[in-house]
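Comments concern the structure below.
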Amino acid sequence: MRRKGKTGGIDQAMATIHRADFLPEEVRHLAGVDEALPIGFAQTNSQPRTVKAMLRLLEVHPGHKVLDVGAGSGWSTGLLGHIVGERGRVMGVELLPELVRRANAVLDAYDMPWIEVRQGNQGNLGLREEAPFDRILVSAEADYLPESLMEQMRQNGIMVIPVRGELLRVEKRPDDVVVTRHGPFSFVPLL
């Protein structure tokens with residue numbers, strides 16, 4: 001079921017936070033193409049259709065606190081920041097220092113002080129010290145559903161994550177965890 005308000009928020013974010021700004025100069029002219037584009041270091045900027053599908057499943061609202069794992073270019077962090085607004089908070093995590101610097105440089109130009117991309121550490125998923133999160137977006141493919149990220153979710157929180165080639169939506173309920181499957185997708189590996 002499509003919810004007009006949520007889709008509108010995503011559409012508005014995608015019209016405001018320009019993908020081209022987050023791409024390397026040599027592929028910037030391809031920003032309007034609906035395909036994953038290289039951003040260096042064997043990493044990609046996901047295709048817009050995939051990002052939109054993930055954001056719909058995530059059901060982000062203004063004021064939410066969101067973790068963006070595998071922030072890469074910072075585009076998804078910027079989109080999430082636009083949706084949550086200044087009452088919210090978005091923290092991206094990226095392993096590659098050069099991508100962290102690039103992402104923050106672009107995000108700074110959007111003047112949204114409630115968002116940032118932080119340097120991550122391999123083998124230490126997320127930002128435990130900032131938990132719990134209302135929403136967690138993972139833009140890299142895991143081999144299994146990471147327990148460490150589940151622990152960082154607030155009750156009634158939602159995580160969207162690709163696991164072994166399939167996009168999962170995980171909802172943490174008070175007495176249960178509900179996992180739904182949303183088709184095959186291809187991502188760079190989660191390290």
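No value in this document is a laboratory result; all are computed from the given coordinates. Computed from a prediction, not measured in an experiment: that's the story for all the values here. Positions of Cβ are generated from backbone atoms using ideal geometry, with glycine treated the same way; all protein chains shown enter the neighbour counts.
See the values below:
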quantity	calculated
Helix-only [θ]222 nm of the chain, DSSP H runs n ≥ 4, -39500 (n - 2.57) each, per residue, nearest 500	-8000 deg cm²/dmol
Unit charges on C-beta of K, R, D, E only; dipole of the chain, Debye	640
Tilt relative to the chain, helix 48-58 - C-alpha long axis, 0 to 90 degrees, to 10	30
Cα principal axis extents for the range 58-191, largest first, Å	40, 30, 27
0 to 90° range, to nearest 10: angle between helix 75-84 axis and the chain longest Cα axis	60
Between 0 and 90°, nearest 10: helix 97-109 axis offset from the chain longest Cα axis	80
Likely footprinting exposure, Met54, Met14, fewest C-beta neighbours within 10 Å first	Met14, Met54
Most fluctuating residue given options Pro132, Pro146, Pro62, as computed from a GNM of the chain linking Cα atoms under 10 Å	Pro146
Cβ-derived FRET efficiency at R0 22 Å, Met150 paired with Arg118, nearest 0.05	0.65
Whole-number percent relative contact order across the range 40-184, with pairs defined as alpha carbons under 8 Å at least 6 apart	20
